[in-house]
Amino acid sequence: MSSKSHKRRLGDYIPLNGPGRHAIDTLMILLGSFITAIAFNLFLVPSDIASGGVSGLSIIAKSLFNLEPAYTQWALNIPLFVAGYMMLGRYYALRSLLGTIVLPLFVFLTKDWLAPTTDLLLASLYGGIGVGLGLGLVFRGRGSTGGLSILAQIIQKYSGLSLSLCVVLMDGAVIALAGIVLSPEKALYALIGLYITGKFIDMIELGFNFTKVAYIIASKPDEISDAILHHLDRGLTKLSAQGGYTGDNRTVLMVVVGQSEVTRLKTLVQTLEPTAFVIITNAHEVLGEGFSRARIGK
């Protein structure tokens, strides 16, 4: 990495709690909430796909009582926000305040937008994608849209259950209710939408750049490390290990490479030591010199 590139990275750095970071966080929460609202109104509401959370409850309420989803979301989010403020602390509640207010607002403002499809499968897929992208941006902006995630954290705090289990229980209860009120078929489509949403949230939070981590166990670690440093132009870490069968001390080389460099790395190792043991696994969003600039605020 050249000194010029290093200086550029330092110049791009945004302090964790500076005004620039807060402005970016706010924009990401607003944009994410807007995308979520569009996906909700274009795909989920017209097809009655209640894929969990307060948004799912608002779709059920619309079907039963013809209530505007935005009103239902405000009516549920506000008391949940107050409960979160009292039971989870001021800091968490304030991080949820903006999303709690603006998401139902955007839902209300886009409620008359026409749905591009009435196909249940397409609606669940594209609705899940849109909601996942939107919520992923909100989370990257260190925010939250409130809702049943607050209730899940309250239950987790006082019950000792894991947060993931509490979230699954909340969303599962909403989908089960949708299966009773709407139809079992639409509940199954809601499960598809919820699964897609989770995958796209992970994609936004973890990043789009998939890299690889390679662990190399060889009898010539110094030669291989020298070749990686000078021919592959990648840094590496030497880990001390011990053979489980022989008990011999060994050196394990750990190196992170881009997707396009995997073949070069394997060729290089096989050329120097054909019997070397190589393990290659996936890694998400590697931060540091030679990879992504650190994204503060996750």
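The values are calculated or read from the model by the stated rules, or taken from the named source; none is laboratory data. All of these numbers come straight from a predicted model, not from anything done at the bench. Cβ placement follows ideal geometry from the backbone for every residue including glycine, while neighbour counts extend to all protein chains displayed.
A single entry from Lys111, Lys186 fulfils the requirement of being charged (D, E, K, R), more than 22 Å from the chain's Cα centre (by Cα), closer than 30 Å to Ala83 by Cβ and not in a helix (DSSP H, G or I): Lys111. Would you confirm, using the coordinates I've provided, whether Ala178 is surrounded by 24 or more Cβ atoms within 10 Å (Cβ to Cβ) and in the same structural domain as Trp74 (by TED's automatic domain parsing)? Judged against the criteria, Ala178 is a match. Is it the case that Leu105 is of a type in the set (A, V, I, L, M, F, W, C), within 24 Å of Lys186 (Cβ to Cβ) and at pLDDT 90 or above? So Leu105 does not fit the description; no. Please verify whether segment 58-66 includes one or more residues that are of a type in the set (Lys, Arg) and either part of a loop (DSSP other than H, G, I, E, B) or at pLDDT 95 or above (or both). Looking through segment 58-66, at least one residue is of a type in the set (Lys, Arg) and either part of a loop (DSSP other than H, G, I, E, B) or at pLDDT 95 or above (or both). Lys266 meets each of the listed conditions (1) under 30 Å from Gly56 (Cα atoms); (2) more than 19 Å from the chain's Cα centre (by Cα) apart from (1).
Every residue, every condition in (1) at pLDDT below 90; (2) within 17 Å of Thr197 (Cβ to Cβ); (3) in a helix (DSSP H, G or I); (4) assigned by TED's automatic domain parsing to the domain that holds Leu163, yes or no:
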{"position": "Asn77", "(1), (2), (3), (4)": "no, no, yes, yes"}
{"position": "Ala93", "(1), (2), (3), (4)": "yes, no, yes, yes"}
{"position": "Thr117", "(1), (2), (3), (4)": "no, no, no, yes"}
{"position": "Tyr126", "(1), (2), (3), (4)": "no, yes, yes, yes"}
{"position": "Gly130", "(1), (2), (3), (4)": "no, yes, yes, yes"}
{"position": "Phe139", "(1), (2), (3), (4)": "yes, yes, yes, yes"}
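Taking the criterion of being among the small types (Gly, Ala, Ser) and either surrounded by fewer than 18 Cβ atoms within 10 Å (Cβ to Cβ) or more than 23 Å from Ile280 (Cα to Cα) (or both), the residues of segment 208-236 that qualify are Ser219, Ala227, Gly235. So, in segment 151-170, of the ones that are within 19 Å of Leu57 (Cβ to Cβ) and under 17 Å from the mean Cα position of the chain (by Cα), which residue ends up surrounded by the fewest Cβ atoms within 10 Å (Cβ to Cβ)? Only one residue fits best here, namely Val168.
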